[in-house]
1. List the residues whose amide H sits under 5 Å from the amide H of residue B:368, counting only those 5 or more places along or on another chain, with H placed 1.01 Å from N in the peptide plane.
2. Net charge around residue B:219, counting only other residues with Cβ within less than 12 Å of its Cβ (Lys, Arg = +1; Asp, Glu = -1)?
3. Report ³J(HN,Hα) in whole Hz for each residue of the stretch B:180-192, in order, from the Karplus equation J = 6.51 cos²θ - 1.76 cosθ + 1.60 where θ = phi - 60°; Gly and Pro get x.
4. How large is the convex hull of the C-alpha atoms of the stretch B:89-207 per residue, in Å³?
5. Find how much the distance from residue B:132 to residue B:292 grows on full extension, using 0.36 nm per residue of separation minus their present alpha carbon separation; answer in nm with one decimal.
6. At residue B:408 and residue B:182, where each label point lies 7 Å from the Cα along Cα→Cβ, what is the point-to-point distance in nanometres?
7. If you take every residue apart from residue B:145 with its C-beta less than 14 Å away from the C-beta of residue B:145, what net charge results, scoring Lys and Arg +1 and Asp and Glu -1?
8. In percent, what relative contact order does the stretch B:1-158 have, based on Cα pairs under 8 Å that are 6 or more apart in sequence?
Amino acid sequence: MTPRAMVETALLLGAFVATAGVYGLLYCLWRLRNGRGLKIGSYLSYTASAVIAAIVVALTPLHAGWKVLIAASTVGYLVIPPFTWRYLTRLHRWERKSHDPGFAKHADRHLAHLFRRA
Amino acid sequence: MYRSQRLGLKYLGASVIMFGAMIAFGVLSSIYYIQPGFLVNIFNFNSAKIIHIDGLVIWLLMGFIGSVYWFVPQELEREVDGIGLAELLFWVFCAAVAIVVLVLIFVQYGGASQWSMWFINQGRKYVEAPRWAAIGIVVVAGVFAYNVIGTAVKAGKTTGILTVLIADLIPLLVLYLDAFPQLTNMSQDLFWWWWLVHLWVEATWEVLIGCIMAWTLIHMVGASRRVVESWLYVQVALVLGTGILGLGHHYFWIGTPRYWFAIGGVFSAFEPLPLLGMVVHAVYDAGSRHLQAANRPAFYWTLAEAFGNFLGAGVFGFMMTLPQINMYSHGTQWTASHGHFAFWGAYGCGVIAVLYLALEKSRGCDGIDGRAWKWSFALLNLGILGMAGALLVAGIDQAFFERAVGGSTWNAYLSMQGRPWFIESMWARFVFGLVFASGYAMLVYDLLAIGKSQRGAIPQPIATAGS
């Protein structure tokens, strides 16, 4: 690895994670506020992250194993925000429902039904 | 208020003082880079740097201990077991820290003897405190663990957060014992020493701050305990899953087998992933509350913790973690840049959030707002961003010219010190260090002023939230 390639690769790796972070942030803001600009911004950020990953894979002198890791991370960064968001939303919804007397009554009936079947 | 909460406030107060000492010696350390003959043979760079770095460890540790003493009695609705001993040890701890700092200032170093190791400087990086003080830290940590575990046993109950904390206290104590061995083989010594340095910071401290932030969320915004605990389990699993074997990135160049390249590189590359999850969670919580909370400083410092952790540990760490890059970057100002930013984001912001929360409750305020905290928030974060940025530029310059082009020779090191980018970056770091220090001054002013107009009022009973 040449000195120049070392610096370029390091900066690309930093930019790769930073743009993935911006994607996560904009994705959440989009889900919160439903703005079209935020949605486009989140997609653009992820695209930038993926493009940077492609440049790292194609042009940097990193060993093949690290390139595979970067490619796999690209998929990881794509799914983490929606996955986390869905998990959090479900968790909060479940929490709200468990405090709702109607839901609790329904749950009790459901449990009683299950026990009867058992 | 419980006695242990008063003790928690004392620990938090002591942590603010140590935070100030750390900043003072940090600014002092930065002067040596722009004025190389500064205080030569009077107070050398190495002594200033030791107090700066050890001050970092101690202020955060005191902040963590104070936070736990603050939250545990609320969690279990009873006084902490063995509180008298804990109160005594607080003063012993403070006296020991003061003596160690005075010895490091006035004696500084000794010969290669048992005397020096026991009474001046243990000689192990980041845990330089002399042997007697290191034993004292073990005693304090042991009593702290006893306080928490004993209280849970006496109460006959525990909670999810407390169980995670108790499980974490054991490695926290055991790993510190790594400060003691005297191995003559450098590789073996470093191998075990990193267990203390890395596993404390990227495993046990991460879990500890996770528990503290979970309690903070419950008490600050009334977050649901079940939600917070579920998230804590996921985060702890992910952080430990990536952080423990991420240890490998310290094993690249110390004489360990080659397979550590793969282990360290792979797990370090995974480390930013859970941090991105934390950012998502922070935005979700902030958005669902429309950025509103009664205690605004605590709320904003909690948010800063998630973002700072991602940027400092995730982005700045990933830039230099793969072995091919790390071969040139390790031990340069690049590492210092990552270290400054990551410690601030992951831990510093969290401790400040708890400070605001504890002071709000203890001084009987119905929320905190105003201008002072905004100034301190802006100056501290601007200061750390500026310092991390300046150190990054200096580090890249160093890795490029001194390491990659110059081949890490002594001549390359010396000529590096005169390069314009390096010198300008060191000046920028000094200036931003002053900005950070002014943010600290504003923080202290704000903390002292909280609830001043309501000082006469009786502190409100502290509600047990989330139970």
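Every number here is computed from the coordinates shown, using simple stated rules; none is lab data. Everything numeric in this text was worked out from a predicted model, so none of it was measured. In this analysis, Cβ positions are derived from the backbone assuming ideal geometry, glycine residues included, and neighbour counts consider all displayed protein chains.
1. Those qualifying (amide H under 5 Å, at least 5 residues apart or on another chain) are B:295, B:296.
2. Residues near residue B:219 contribute 0 overall.
3. Result, ordered by residue: 9, x, 10, 8, 8, 7, 4, 5, 5, 4, 5, 3, 7 Hz.
4. So the per-residue Cα hull volume is 106 Å³.
5. Contour length minus the Cα-Cα distance gives 52.8 nm.
6. 2.9 nm
7. That works out to -2.
8. 27 percent
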